[in-house]
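Read through the structure below, which is laid out as structure tokens, and then see the notes.
Any read-out appearing in this document is the output of simple, stated calculations on the displayed coordinates, not a laboratory observation. Quantities reported herein were computed from a predicted structural model and do not represent experimental measurements. Here Cβ is always computed from backbone atoms with ideal geometry, including for glycine, and neighbour counts include all displayed protein chains.
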Amino acid sequence: MSQLRSAYLFLYNLVQASGWALSLFRIFSNLSSSKSTNGAFSSAGELICILQSLAFLEVIHGAVGIVPSGVLLPLMQWGGRTHFLFAIVRRIQVVQELPSVFITFVAWGVSEVIRYPHYALYCIGSLPKWITLIRYNAFIVLYPIGVFPGEMWLMYQALPFIKKENLYADSLPFSYYNFMLLLLFCYPFLWLKLYLHLFKQRRTKLGKQEKKKRS
């Protein structure tokens, strides 16, 4: 059973790593040809939506105990990204060409082409130390970039359209515009919880490497 679990997790992380690498390739190919950041969603948005939908498996992995991540933090991250992608960017065409989409997708993509190969190699017991170092240091820069000039800035830019069109008024029993205002207020606090958790993981993982070196 342990071998089967490792094989499954290796395959899952390999698929995600390949998908995010392809997404980055498409984004930068478009940037190179158009000399503009406007095409980030048109070039890779649908693929990123598929990868993000597939990432719900990570919540299930934690729930059933095949990985030690638990449920709350993976669900928070998955929920935040999924709402951003499907409820805002995919739904509101006028924001799809904003630079904040490019910033978000690049920050997500670079972090994921580090994170998923790290997990995949860990599953097969062949994890170089340098990948662990990159995994637990790159997020320090990438995570704030993805959230502040990326996700939060785009959500703020989408507010006038949401208000003008009274978005989701026919399907929600509350004002989506007011919900977005509340979400923007809460977002930094929710982000900080996840960010500090990553620092806790960093101390644990890199601390283990230091102990191995000394021994």
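Less than 15 Å Cβ to Cβ from LEU142, Lys/Arg counted +1 and Asp/Glu -1: what total charge do the surrounding residues give?
Numbers: positive: ARG81, ARG115, ARG135, ARG202; negative: GLU112, GLU151.
Every neighbour counted, the sum reads +2.
How high is the relative contact order of the chain, in percent, counting Cα pairs under 8 Å that sit 6 or more residues apart? Walk me through the intermediate numbers first.
Working: 199 pairs, mean separation 48.2, N = 215.
In percent, rounded to a whole number, it is 22.
From the convex hull of the Cα coordinates of the stretch 86-153, what is the mean projected area in square nanometres?
Numbers: hull surface 20.6 nm².
The number I arrive at for the stretch 86-153 is 5.2 nm².
Would you calculate the convex hull of the Cα atoms in the stretch 1-129 and tell me its volume per residue in Å³?
Values: hull volume 13.5 nm³, N = 129.
Value for the stretch 1-129: 104 Å³ per residue.
Return the whole-Å distance between the Cα centroid of the stretch 6-41 and the Cα centroid of the stretch 152-182.
Between the Cα centre of the stretch 6-41 and that of the stretch 152-182, the gap is 29 Å.
If you line up the long axis of helix 153-165 against the longest principal axis of the chain, both from Cα atoms, how many degrees apart are they, to the nearest 10?
For 153-165 against the chain, the angle is about 30 degrees.
Calculate for the chain the 222 nm mean residue ellipticity that helices alone would give, adding -39,500 (n - 2.57) per DSSP H run of length 4 or more and normalising by residue count, nearest 500 deg cm²/dmol. Could you put the intermediate results ahead of the total?
Working: 8 runs with 162 residues, N = 215.
Mean residue ellipticity at 222 nm (helix-derived): -26000 deg cm²/dmol.
Using alpha carbons only, what's the Rg to Rh ratio of the chain with Rh from Kirkwood? Walk me through the numbers on the way to the answer.
Working: Rg = 18.4 Å, Rh = 18.6 Å.
Radius of gyration relative to Kirkwood radius: 0.99.
Starting from the Cα coordinates of the stretch 130-184, work out the convex hull volume and express it per residue in Å³.
98 Å³
Under Stokes-Einstein, with the Kirkwood radius over Cα pairs standing in for Rh, what whole-number D in µm²/s applies to the stretch 53-172 at 20 °C and 1.002 mPa s? Could the numbers behind the result be given before it?
Values: Rh = 16.1 Å.
Taking Rh from Cα pairs, D becomes 133 µm²/s.
Gain in length, SER32 to LEU198, computed as 0.36 nm per residue apart minus the alpha-carbon separation, to one decimal in nm? Could you put the intermediate results ahead of the total?
On the way: separation 166, 0.36 × 166 = 59.76 nm, distance 3.31 nm.
Value of the extension gain: 56.5 nm.
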